[in-house]
């Protein structure tokens, strides 16, 4: 019975925190599959870090306390952050709130393995130790990766993926993790402080992200709708895009120009459909992709091959090519 209590106290809080984050996301943009994958990645990272930490302590003769304060935070936060960085680079994350959820999921997987490991090795520890590890250390692991994810996603969007957009968030996560492991405050007090600050930070991000999402949806929907109306009206030659395509006649054959225009039309239709799904979800409806979406994706991929990289670059000024705009197409495809 004592083992069951220690197991519940050390593992349940971080899982419940993650479930709460998913529930609070009104757009429900993080699907179960990537969420589970993030937890599994975090678990794998924990196994790797435990092996490396033990090897460093035994081979180099470093005291465990020194390792936990200076070496472990760098190793653990860097490896946890690497998967979130990959998601952001591959445009699998649309908004900071999605990054926060996936980042916390990675930390959750890490904490589940780490606490299970210590449950096996610290069998004689009292219940207070597991209260601190469950409410404190486990949530800290999720929280630090979530903080990194929020900062990294924000800077990636602002800098359009250029420069060391990942460095400030990673540095902050490492410093906070190291400070937590220094036990400057008593463990129970550190746990209370963590729970007094982290939920507020996450809730603030949710509020800001939802405001930004609504603003982005309204602005982009108007632009996309206007562009689609021009294409479908048959008066494209009188528009700015018509003049632009006219100027491209020297670079592309008539057949490729037609495919470029078709590519633009399908891309905009999918973008409008994605925004419609997001608006429906925000309003509380369980919206799915419209019928015929997969056929449009097949057409889009065929046209991408037909016009080539040069054609896609040529039409880029009329497409929204930021990570958030490209992400909406990926989201609809999923």
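Here are the numbers:
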| read-out | value |
| --- | --- |
| Criterion violated by residue 305 - all others in (1) at pLDDT 80 or above; (2) farther than 30 Å from residue 249 by Cβ satisfied | (2) |
| Selection status of residue 105, crowded, with 23+ Cβ neighbours inside 10 Å, in a helix (DSSP H, G or I) and in the same structural domain as residue 143 (by TED's automatic domain parsing) | yes |
| Filter result for the condition that a residue is in a helix (DSSP H, G or I), under 11 Å from the mean Cα position of the chain (by Cα) and crowded, with 24+ Cβ neighbours inside 10 Å, over 138, 111, 149 | 149 |
| Residue match in segment 117-124 (condition: at pLDDT 90 or above and in a helix (DSSP H, G or I)) | no |
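Residues are listed down the side, and each one gets a yes or a no for (1) under 20 Å from residue 148 (Cα atoms); (2) in contact (Cβ under 8 Å) with a residue 12 or more places away in the chain; (3) in contact with a helix residue (DSSP H, G or I) (Cβ under 9 Å, 6 or more places away or on another chain); (4) surrounded by 14 or more Cβ atoms within 10 Å (Cβ to Cβ):
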residue: 11; (1), (2), (3), (4): no, yes, yes, yes
residue: 29; (1), (2), (3), (4): yes, yes, yes, yes
residue: 56; (1), (2), (3), (4): no, yes, yes, yes
residue: 68; (1), (2), (3), (4): yes, yes, yes, yes
residue: 77; (1), (2), (3), (4): yes, yes, yes, yes
residue: 86; (1), (2), (3), (4): yes, no, no, no
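The values are calculated or read from the model by the stated rules, or taken from the named source; none is laboratory data. Just so we're clear, the structure is a prediction, and the values are computed from it rather than from any experiment. As a convention, Cβ positions derive from the backbone with ideal geometry for all residues, glycine included, and neighbour counts pool all protein chains shown.
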